[in-house]
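In what follows, a structure is listed as structure tokens, so that the remarks can point back to it.
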Amino acid sequence: MSEKIKILYVDDEPENLLGFKASFRFEYQILTAVNIPQALNCLDNHPDIKIVFCDQRMPVRNGVEFFEEIRISHPLPIRILITAYTDVESIIDAINRGNIFRYVKKPWNEADIISAIDEAYKYYMTNSMLIVKNEELEKAYTELNKFAYSVSHDIRGPLSGILGAINIAREIEDLDEMKEMLFLMEKSLKKLDTYIISMHDYYSIQRGELKITDIDFHKLVDELKTIYMVPAKTIGVTFNVDIKQAETFRSDEIPLMLILNNLVSNAFKYQDQHKKNKSVDVMISVENNLATIYVKDTGIGILGNHIGEIFNLFYRANYQEVGSGFGLYNVKNALLKLNGQIEVTSVMDQGTTFRVTIPSI
Amino acid sequence: MNISFILIDDSELDCFIAKKIIEQTIKPSSIKVFRNAKPALETIREKTADIGQIVVILLDLHMPLMSGFQFVEEFEKLPVEIQEKYKIIILSSTRNKNDIFRVLNYKNVSHFQEKPLTRENLLTMVDSLKKDVS
């Protein structure tokens, strides 16, 4: 255990508190309170308290009443009652109303307390792990719902389009018309393919562990160049890159590449076809263990009221059918893994700039 | 009876198919295609259809910027005399019961047609529309 377990001990007799602290302060981090308001205050200030011991016999409100209250207001810490009483009534009360984990008889001996702490700590860890797992499950479930919903549109949509096209192909005599339709069918299939690749990306970001290596941004950007140089030329977009890296940078190459690739791909995708000087600029600088990446385009821009939502799963801010609503969501998740940040500024009809910062790991 | 069409779908291929099917099957007086629902709504708002003509709106549901649902919501805010000139038919690949049920609840939506559009289902739709009108 790297950090000492934080324990709160509540008792109205200061000498008991002192005694408890003296016995256990080397093993654990002990906080004490002489009354309930002080104890509540302490719980508020230390949300990482894992175990609360409380004496049953206290003025104003007793231990059970205190536990009854914090069971609702501070449900995480494990509650242990210390009592000199051995009457069944108060024990039943403590279990039923205070929902205590254990009770320790007064006067206590060290072994009892240590074993109670060990057990309570295990219980606490299991509980908090369960909470984390539950949250993950809930998130996964919500996303699964979104997937199921999108399947009919993003997978079935292109397929029903192709099917419809095959149906009418039988009636089409004109060769040019046929070619036009084949071109549209191809576009539809490519979109479906992109969707499936993105779905795979999504999965690998969510589940994969980080593999940290030395990153050479020159090498990464060379890869981007091989992907985008030719299409850039055919649509008349200038592709500029500028890299300043004099120091080592450590990160996971796969999510890093996914971020770069998605941003650059968007920068090309959302160009304004009618504009004369079209460009995509990638600027990367690594300084003081921080990589700053700019991806700047001269494209159509994003409407102000959509900008807050572009990182949401399946959100699309443009009616061109090239988008899958996956890309920026994957970027956001990849950045979460790498501890990075992203900002976007956009001017309609002028272009969009993404600024990404990622710390070296 | 004269029927004209307004197609609203973000998918280029689906627009192409629907347009072809309509042209091959019935001789419409016009077909307008919109890849984005917003300008379609503007056009409808500004230019009312000629008297004695039915305008069928074939509407996709899942579209970016303005979905089919949002389109119908906005459409129902238009003056009644404009609304009366149009019949909305949903053309979508969705299988989601909630979506279908929800969209059929709008008073201006007369039919739900699963994609892809074929000659047969287009003819059935048009026949039932003609019956509705007369």
| message | Given points 7 Å out from each Cα along the Cα-Cβ axis, report the A:E135 to A:H200 separation in nanometres with one decimal. | response | 3.2 nm
| message | For a quick check: with amide H placed at 1.01 Å from N, whose amide H comes under 5 Å from A:L31's, ignoring anything fewer than 5 positions away on the same chain? | response | A:I7, A:L8, A:Y9
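Treating the beta-carbon of each Lys and Arg as +1 and of each Asp and Glu as -1, no other charges, what is the dipole magnitude of the protein assembly as shown about its Cα centre, to the nearest 20 debye? Present the calculation step by step, with values, prior to reporting the outcome.
Details: 58 positive and 69 negative charges, 185 e Å.
Value, rounded to 20: 880 debye.
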| request: Skip the ligands, DNA and RNA, and give the accessible area per residue of the protein assembly as shown with a 1.4 Å probe, whole Å². | output: 53 Å²
| Degrees between helix A:63-73 axis and first principal axis of chain A (Cα, 0 to 90, nearest 10) | 10 degrees
| remark: Carbon/sulfur accessible area of chain A, % of total, 1.4 Å probe, equals 55 percent
| Which residues' amide hydrogens lie under 5 Å from the amide hydrogen of A:I243, considering only partners 5 or more residues apart or on another chain, with H built in the peptide plane? | A:I284
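I want to verify the translational diffusion coefficient of chain A in µm²/s; compute it with Stokes-Einstein, Rh as the Kirkwood radius over Cα pairs, at 10 °C and 1.306 mPa s. If you can, show how the numbers build up before the last one.
Numbers: Rh = 25.6 Å.
D, rounded to a whole number, is 62 µm²/s.
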| Whose amide H sits under 5 Å from the amide H of A:V104, counting only residues 5 or more places off or on another chain, with H placed in the peptide plane? | A:L81, A:I82, A:T83
| Derived scalar couplings ³J(HN,Hα) [region A:152-169; Karplus, 6.51 cos²θ - 1.76 cosθ + 1.60; whole Hz; x for Gly, Pro] | 5, 8, 8, 9, 5, x, x, 5, 5, x, 4, 4, x, 5, 5, 4, 7, 4
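What is the sum of charges, Lys and Arg at +1 and Asp and Glu at -1, for the other residues whose Cβ falls under 12 Å from the Cβ of B:L7? Working shown, then result.
Working: positive: B:K19, B:K20, B:K32, B:R35; negative: B:D9, B:D10, B:E12, B:D14, B:E23, B:D60.
Here the count lands on -2.
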| task | Determine how large the accessible area of A:M129 is when every protein chain is in place; take a 1.4 Å probe and give Å² rounded to the nearest 10. | result | 120 Å²
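Between A:S128 and A:A84, what FRET efficiency follows from the Cβ-Cβ distance if R0 is 30 Å, with the result rounded to 0.05? Present the calculation step by step, with values, prior to reporting the outcome.
Values: r = 32 Å, r/R0 = 1.06.
Computed FRET efficiency for A:S128 and A:A84: 0.40.
Stretched out fully, how many nm does the piece from A:K106 to A:L159 gain, at 0.36 nm a residue minus the Cα gap? Each step should come with its number before you reach the end.
Values: separation 53, 0.36 × 53 = 19.08 nm, distance 7.36 nm.
Between A:K106 and A:L159, full extension yields 11.7 nm more.
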| said: If packing is taken as the average number of other Cβ atoms within 10 Å across a peptide's residues, how do B:59-72, B:87-100, A:18-31, A:218-231 rank, most packed first? | reply: B:59-72, B:87-100, A:18-31, A:218-231
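Counting residues in chain B as N, plug N into 2.2 N^0.38 Å and put the Cα Rg over that result.
On the way: Rg = 13.5 Å, N = 134, 2.2 N^0.38 = 14.1 Å.
Dividing the Cα Rg of chain B by 2.2 N^0.38 Å gives 0.96.
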| said: Under 14 Å from a point placed 7 Å out from the Cα of A:E143 along the Cα-to-Cβ direction: which residues of region A:184-206 have their backbone N that close? | reply: A:198-206
| field | Spin-label model distance (nm) - A:K276 vs B:E114, 7 Å beyond Cα toward Cβ | value | 5.3 nm
| remark: On protein heavy atoms with a 1.4 Å probe, the accessible surface that disappears when B meets A, both sides summed and given to 100 Å², is 2400 Å²
| request: Go from 0 up to the bin containing the longest alpha carbon distance in region B:64-115, width 10 Å each, and give me the % of pairs per bin. | output: 23, 57, 19, 1
| request: Report the label-to-label distance for A:F183 and A:T248 in nanometres (one decimal), using points 7 Å from each Cα along the Cα→Cβ vector. | output: 5.2 nm
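Count neighbours as other Cβ atoms within 10 Å of each site's Cβ, and list the GluC sites (Glu not before Pro) in region A:136-174 that are DSSP loop with at most 10 such neighbours. Can you show the working numbers first?
Working: sites: A:E136, A:E138, A:E143, A:E171, A:E173; in loops: A:E171, A:E173.
Passing both the DSSP loop test and the Cβ count: A:E173.
Please grab the % of Cα pairs in region A:33-171 that end up more than 26 Å from each other.
Working: 4352 of 9591 pairs.
In whole percent, the long-distance tail amounts to 45.
The values are calculated or read from the model by the stated rules, or taken from the named source; none is laboratory data. In this text the structure is predicted, and so the values were computed from the model without any measurement. Neighbour counts are summed over all protein chains in view; Cβ atoms, including those assigned to glycine, are modelled from backbone coordinates with ideal geometry. We work out accessible area using only protein heavy atoms, side chains counted, and drop any ligands, DNA or RNA first. Shrake-Rupley method; radii C 1.70, N 1.55, O 1.52, S 1.80 Å.
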